[in-house]
Amino acid sequence: MAQSAAGRSIPIVSPAEGVSEELIRQLVETFYDRVIRDPELGPIFQKPLAGRWSQHLARMTDFWSAVALRTTRYQGKPQAAHRGFDLTPELFALWIALFEETAREICEPEVADFFIDRAQRIADSLQIGLGIGPKALRLP
């Protein structure tokens with residue numbers, strides 16, 4: 001067992017164990033379909049990604065493939081990509097809750113735990129880099 005970013009014990013899952021490109025694609029497409037329909041999250045992404053949802057989904061599939069399968073297809077800069085969005089710790093919490101719900105519906109429990117742990121770490125890192133949330137570095 002390992003500790004998640006939230007301090008919970010989670011089984012150690014080899015990145016590729018139980019994960020396939022098809023599972024990643026299904027997770028990404030289902031999750032972002034829910035994001036775009038969410039009354040709080042949807043508006044944040046609709047304008048900047050208008051007409052580019054298919055490219056965004058492909059990029060997020062590449063991102064999660066890099067996270068879960070250690071592929072090298074993703075070459076983005078997440079911190080830079082999220083600058084300028086009106087993001088708050090509450091929106092990150094909503095994002096995580098929606099991601100967790102989706103992962104638990106689509107994935108086997110240990111695989112869902114793996115994805116959820118990584119999503120939480122990513123959310124924490126983004127918030128730190130964007131200077132928001134309880135873990136953000138505050139300069140005097």
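The values are calculated or read from the model by the stated rules, or taken from the named source; none is laboratory data. Since the structure is predicted, the reported quantities are computational estimates derived from the model, not experimental observations. All Cβ positions, even for glycine, are placed from backbone atoms using ideal geometry, and neighbour counts span all protein chains on display.
Residue-level check: of (1) part of a helix (DSSP H, G or I); (2) surrounded by 15 or more Cβ atoms within 10 Å (Cβ to Cβ); (3) not acidic (Asp, Glu), residue 121 misses just (2). Taken across the range 71-79, residues that are within 20 Å of residue 41 (Cα to Cα), at pLDDT below 95 and either touching a helix residue (DSSP H, G or I) at 6+ places or on another chain (Cβ under 7 Å) or surrounded by 19 or more Cβ atoms within 10 Å (Cβ to Cβ) (or both) do occur, with at least one present. Selection within the range 14-47: residues that are among the small types (Gly, Ala, Ser) and either touching a Lys or Arg at 6+ places or on another chain (Cβ under 7 Å) or outside any helix (DSSP H, G or I) (or both). The member of this set that is surrounded by the fewest Cβ atoms within 10 Å (Cβ to Cβ) is 14.
Do the conditions hold for residue 18, that is, is it at pLDDT below 95 and farther than 29 Å from residue 88 by Cβ? So residue 18 fits the description; yes.
When the range 107-140 is limited to residues that are farther than 20 Å from residue 22 by Cα and among the basic types (Lys, Arg), the one that is modelled with the lowest pLDDT turns out to be 138.
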